Ligand SMILES: [Fe+2]
């Protein structure tokens, strides 16, 4: 049995330089729904219900290419159409880089689709690709919101992460996080996050770019706050065994009770229960003001306690 049982990888986070500009880019270019949580934080959500919190930070950690988010369009023709439209608005959204459409080399990290990459104004990487990725074709629901985006509304098909060593990291994901792991045919493995965030984890050795807590991944359990405390105790006990770098105290966060931990690859995980088992996106939609106050406190706390 893994340390964490019955969890799902529910969310990710992104650091941004300017909240308003990031919101426009996610909504108008990347086809994701967004809402503002407070002055310096927002949420984006895809059509599968995978969400990300994005936070305006004066200082941001450099992002490696292999932390990209993939979005799908129906076919290669739609890839070319999206590319042409994004090229035309590159300056408006202050896009830093836009690569030419090409077929990806599947020996790199198991992706052999036709697509292109975007480095956005905040330095975060995205891929737009044909709907034939390593997790199979995903549903692109017709008529989903936002309706007039360049990349039609649909799923975030997967997110990539870096690791130092595949075997050690796969063991941590299987035995500690308790999420599904599928070894690839090269220096990568995949996880479906137990039905949540799809991941491709790529071994990069010493090229790895260390991560900050506001680039974390959320692991949600549907139990009680006491179960978080119990998991926190276990995390401290097995810290050396799994090369876990940091285990932060458990706190009440943005509508959740959780603790952050930094794994052997410097990637951060938030182990959480949602208050009333209501996800933060829905909580903000239901009650914007209350959620905003909680999010403000959580961000302040997380950035103060994990700053290095
Ligand atoms: Fe989080």
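The values are calculated or read from the model by the stated rules, or taken from the named source; none is laboratory data. Bear in mind that the values here come from a model prediction, so they are computed numbers and not experimental data. Using ideal geometry, Cβ is built from the backbone for each residue, glycine included, and neighbour counts are taken over all protein chains shown.
Out of the stretch 57-90, which residues are in a loop (DSSP other than H, G, I, E, B) and within 24 Å of residue 200 (Cα to Cα)?
60, 61, 62, 63, 64, 68, 74, 75
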Can you tell me which residues in the stretch 91-129 are under 17 Å from residue 18 (Cβ atoms) and either at pLDDT below 95 or outside any strand (DSSP E or B) (or both)?
91, 92, 93, 94, 95, 96, 120, 121, 122, 123, 124
Out of the stretch 229-281, which residues are away from the ligand (no atom under 16 Å from the Cβ), farther than 25 Å from residue 63 by Cα and not in a helix (DSSP H, G or I)?
238, 239, 240, 241
Does the stretch 255-268 include one or more residues that are modelled with pLDDT under 95 and closer than 19 Å to residue 9 by Cβ?
yes
The stretch 24-51: number of residues that are closer than 20 Å to residue 295 by Cα and either free of Cβ contacts under 8 Å to residues at least 24 places away in the same chain or in contact with a helix residue (DSSP H, G or I) (Cβ under 9 Å, 6 or more places away or on another chain) (or both):
15
Filter the stretch 279-294 down to the residues that are modelled with pLDDT of 70 or more and either under 21 Å from the mean Cα position of the chain (by Cα) or surrounded by 21 or more Cβ atoms within 10 Å (Cβ to Cβ) (or both) and list them by number.
279, 280, 281, 282, 283, 284, 285
Among residues belonging to the stretch 194-217 that are farther than 18 Å from residue 52 by Cβ and assigned to a strand (DSSP E or B), point out the one that is farthest from the chain's Cα centre (by Cα).
203
Go through the stretch 9-56 residue by residue and tally those that are part of a strand (DSSP E or B), within 16 Å of the ligand (Cβ to nearest atom) and surrounded by fewer than 19 Cβ atoms within 10 Å (Cβ to Cβ).
1
With (1) within 22 Å of residue 126 (Cα to Cα); (2) in contact (Cβ under 8 Å) with a residue 24 or more places away in the chain as the list, and residue 189 as the residue in question, which single condition is left unmet?
(2)
